[in-house]
1. Any residue that is open to solvent by less than 70 Å² (accessible area, probe 1.4 Å) and in contact (Cβ under 8 Å) with a residue 40 or more places away in the chain - is there at least one of those in the range 88-103?
2. Output the number of the condition that T113 fails; it satisfies all remaining conditions of (1) within 17 Å of the chain's Cα centre (by Cα); (2) among the polar types (S, T, N, Q); (3) more than 28 Å from N31 (Cβ to Cβ).
3. Starting from residues that are part of a helix (DSSP H, G or I) and among the hydroxyl-bearing types (S, T, Y), keep the ones in the range 87-125 and report whichever is nearest to G70 (Cα to Cα).
4. What number of residues within the range 107-119 are without any contact (Cβ under 8 Å) to a residue 60 or more places away in the chain and under 18 Å from K78 (Cα atoms)?
5. Within the range 56-73, can you find the residues that are under 14 Å from the mean Cα position of the chain (by Cα) and free of Cβ contacts under 8 Å to residues at least 24 places away in the same chain?
6. If S49 passes every condition in (1) open to solvent by 60 Å² or more (accessible area, probe 1.4 Å); (2) touching a residue at least 12 places away in the same chain (Cβ under 8 Å) but one, which one does it miss?
7. Please work out which residue is most open to solvent (accessible area, probe 1.4 Å), limiting yourself to the range 1-46 and to residues that are without any contact (Cβ under 8 Å) to a residue 60 or more places away in the chain and either assigned to a loop (DSSP other than H, G, I, E, B) or farther than 30 Å from I126 by Cα (or both).
8. From the list F72, F84, pick out the single residue that is among the aromatic types (F, W, Y), under 29 Å from M1 (Cβ atoms) and either part of a helix (DSSP H, G or I) or open to solvent by less than 50 Å² (accessible area, probe 1.4 Å) (or both).
Amino acid sequence: MLSQISTEATPAPLYLASVFINGLSTGAALNYTLAHLLHLTPPSTHFISTSLLITFRGFAASFGSAIGGGLFVRILKKGLEEGFKKNGGLKGRKELIRRLLGSPALVKSLEGTERWVAVKAYTGAIRGLFVAGAVLALGMVVMQAGTGWKKGVEPGKLVVEGEESLVGNGRGIEDEEWEEEMERAV
């Protein structure tokens, strides 16, 4: 939705409402991921699996903003160059393009064709970024759906046709003591 309404003519309240709905949906999806992970993993591994989830969320934020920023700048540069080529050529505008890549506030000071090209390039870059985000989100949903729906089996338990029985984990007393110490430490 955000990619489709990202135009210079979109009213600010509609855009803000759309961003709010997008953030709300993303927050709900992230909370569902945690609940799904806790459901699928045995309780004795929850401290490890939640730590890994939080670690990868942190990596995703860092890498996502770096990759998203790079994608945005590439789309913006291409849009500015193509726009200026179609409207008078690039001669004398290389410095303007460089400055526009670093400062969106510069668009306010432009007039005429240069302003129109800059606004079109910025909206095109924002649209491209939102389309890439939507594709990535769809991929995440498909991947998460493929992780399964059956609850994880606790180590040391055997499940036979819906019945659970304790069979020992085969790893010895030391391992059980280690697990107890880890749980106590956590």
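1. no
2. Of (1) within 17 Å of the chain's Cα centre (by Cα); (2) among the polar types (S, T, N, Q); (3) more than 28 Å from N31 (Cβ to Cβ), only one is false for T113: (1).
3. Of everything passing the filter in the range 87-125, Y122 is nearest to G70 (Cα to Cα).
4. Final tally of qualifying residues: 7.
5. F56, G58, F59, A60, A61, S62, F63, G64, S65, A66, I67, G69
6. Just one mismatch for S49, condition (1).
7. The extreme case among them is M1.
8. The match here is F72.
The values are calculated or read from the model by the stated rules, or taken from the named source; none is laboratory data. Source: prediction; values computed, not measured. With ideal geometry, Cβ positions are generated from the backbone for all residues, glycine too; neighbour counts draw on all protein chains shown. Each accessible area value is taken on the protein alone, full model and side chains, heavy atoms only, with ligands, DNA and RNA left out. Shrake-Rupley method; radii C 1.70, N 1.55, O 1.52, S 1.80 Å.
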